[in-house]
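What follows is a single structure, written as structure tokens, with notes after it.
The values are calculated or read from the model by the stated rules, or taken from the named source; none is laboratory data. Computed from a prediction, not measured in an experiment: that's the story for all the values here. Neighbour counts run over all protein chains shown; Cβ positions are idealised from the backbone, glycine included.
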Amino acid sequence: MSAAKEFELPSMPTLCVDEHCAFVARASESADTLEHALTEHLRLSGIYWGVCAVYTLGRLDRTFDRAKKEEILSYVDSCRNENGSYGGGVGHDGHVLYTLSAVQIYALFDELSRIDVEAVVGFLSSMQLSNGSFQGDHWGEIDTRFTYCALSALRLLGRLDAVDVDKACAYINSCKNFDGGFGAEPGGESHAGQVFTCVGALAIGGRLDYVDGDLLGWWLAERQVKVGGLNGRPEKLPDVCYSWWVLSSLSVLGKTHWIDRAALARFILKCQDEKSGGISDRPDDEPDVYHTFFGIAGLALMGHPAVVEPIDPVFALPKSVLRRMGIELSGTGKG
Amino acid sequence: MAMTEKLVTTCPEVTTGWNRRKEAVELGAETAEAARDWWSEELRVSEIALRNAPKSYPSWYHRKWTVSRMIRTMGRESETVRMTLERERALCSRLLDADDRNFHCWAYRRFIVQSLGVTTEEELEYTLKKIEDNFSNYSAWHQRSAILDARGDVDSATLKGEFELASNAFYTEPEDQSAWMYHRWLIARARALKIPDERDAAIASALEICREVAELEPGCKWPLLARASLEDEKSRRDVLDRLSSIDPARVGYYRDVA
């Protein structure tokens, strides 16, 4: 039975849409909490997760009124650095990671005109090194995550021409492992989160031929554990966030039917805080915006009827946002 | 520096704090007094951060940046650099004894042993020790495959030893997927052997062992999965049918590869 039909069964827990939207709204207000202070360095990613979660639930305008939306956008504006990069929060150094988050937030709110495209493109292209890899900032840390962030942001801005895409993809290929997965650098162990970024980057770069779909698809399918959830590496505990990292990769490969989607959906729904909203990593843990978004995004890929805006597995943005931007949607096989 | 130390040891994920330290190091390097022994402080502070948060990307990177800068400014042959690299290798061993799956530490260790010029044989020996300590150590199996792959074609004598190592693991822990995943890679390497007799012998011997494990562990999916890639067409279908019934979550996969 397909997961979409399973969602109608009485045994399937309900997705608490109202509660999750309230949870995201509260998270965006609670500036005086300790959690808020400790996560200030990745505030832009937090905003992207929250905004994208309510968008996919079809509640963007109801959750954020005009004033709140402007407050969020001004905050993003103020995270911009002179070199065109964005920091994770105000006063933080710019980084490729948060530059993508900023572009994603502007895209979600249809406010791309607030971006100084040339400056962002200039920063991102200056991060590419001669072997095709990307550093996260000028201090030189290299990671395939940064390749994805740069290529995704550049594609969203229509400026992939500013970097050497072939070299970027060849570098990712050099990070491929014996199990078909990818690591952060050549020789780095496969990790489902890293697989998402590498498969996504290769999809954007038009080089999915570098992927051994049967081998990697199988490794990804083996991430599902008995309780239905997915882990990120062999012999590890399941975590809701891998619902996204694994399932999106399988989706790009056209192989989401290689796992038990209904069991995964049940696992995600069991991680909900049904009273106060939010989704946690595992049942009965403390929810946060990160797991809330990736849980909902995973359900979106499985066609949950309450997630009204289908999400694109490569860009991690609603398909309607990409369509609005005139971006061709990723071909996702039968999965 | 005291302020950033407090920041990065309490909240090691704040990259900006580490960046201020890097800037200070670079500025300080201009005066001879401050330049003396600048690295000890960076290694000390990042070690505190890593003790509290062993999976913190910025803390690991700060350490790598520090050691890279030492190598760049003092040269690989400098006594201080060599001593530091050896100390770092020992630190990695300690941390991997505490958590043998910490991929940050494995990555950092690769950088250290590469800088030290450690031989492939010595590194293979280390992965063997880690695997024998714990057959579930997928990180060590991975590292072993990466070393063998980097060394070039895996020859039939090497393969024979590796098949034995994997078999030892799944005779002991048949349900542990680490050795089985390594085994799948070995089968692919065996198929790539250039001499047909060697290739056929390697495949036949792998099949024999998988049949034996499957008989000993009738409820275990892993030997069946390996057999599915080794058996002839007819037996293969039977094996895939059995897999579909004992591992229904992945029935879509078994159908597609049938």
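Quick notes
- Residue list for segment B:90-119, filter: among the basic types (K, R) and away from chain A (no Cβ under 13 Å): B:R94
- Hits in segment A:235-262 - residues which are closer than 15 Å to A:V314 by Cα and of a type outside the set (S, T, N, Q): A:Y242, A:W244, A:W245, A:V246, A:L247, A:L250, A:V252, A:L253, A:G254, A:K255
- Set A:H191, A:H138: member being within 10 Å of chain B (Cβ to nearest Cβ) and over 21 Å from A:V246 (Cβ atoms): A:H138
- Taking segment B:49-130 and the helices (runs of 4 or more DSSP H) fully enclosed by it, the elements with 3 or more residues that are within 17 Å of the chain's Cα centre (by Cα) and not assigned by TED's automatic domain parsing to the domain that holds B:A166 are at B:79-98, B:103-116.
- Summed over segment A:232-252, the residues that are within 11 Å of another protein chain (Cβ to nearest Cβ) and not in a helix (DSSP H, G or I) give a count of 5.
- In segment A:3-60, the qualifying residues are those that are acidic (D, E) and within 14 Å of another protein chain (Cβ to nearest Cβ), and the one that is surrounded by the fewest Cβ atoms within 10 Å (Cβ to Cβ) is A:E35.
- Residues (of a type in the set (D, E, K, R), under 18 Å from the mean Cα position of the chain (by Cα) and surrounded by fewer than 16 Cβ atoms within 10 Å (Cβ to Cβ)) located in segment B:150-179: B:R151
- One residue stands out in segment A:253-270 among those that are free of Cβ contacts under 8 Å to residues at least 40 places away in the same chain and surrounded by fewer than 24 Cβ atoms within 10 Å (Cβ to Cβ): the one that is nearest to the other protein chains (Cβ to nearest Cβ), namely A:D260.
- Residue check for B:K6: away from chain A (no Cβ under 11 Å) and either closer than 19 Å to B:R109 by Cα or in a helix (DSSP H, G or I) (or both): yes
- Top-ranked residue of segment A:154-195 - restricted to ones that are in a loop (DSSP other than H, G, I, E, B) and among the acidic types (D, E), ranked as nearest to A:S85 (Cα to Cα): A:D164
- Inter-residue pairs, beta-carbon under 6 Å, first closer than 19 Å to B:R109 by Cβ and in segment B:67-94, second in a helix (DSSP H, G or I) and among the hydroxyl-bearing types (S, T, Y), 6+ apart: B:L85/B:S115
- When A:A297 is tested against (1) over 16 Å from the mean Cα position of the chain (by Cα); (2) not in a loop (DSSP other than H, G, I, E, B), just one condition goes unmet, and that condition is (1).
- With respect to the stated conditions, B:I187 fails to be within 14 Å of chain A (Cβ to nearest Cβ), hydrophobic (A, V, I, L, M, F, W, C) and under 30 Å from B:S59 (Cα atoms).
- Residue in segment A:149-163 that is more than 19 Å from the chain's Cα centre (by Cα) and facing another protein chain (nearest Cβ under 10 Å) present: no
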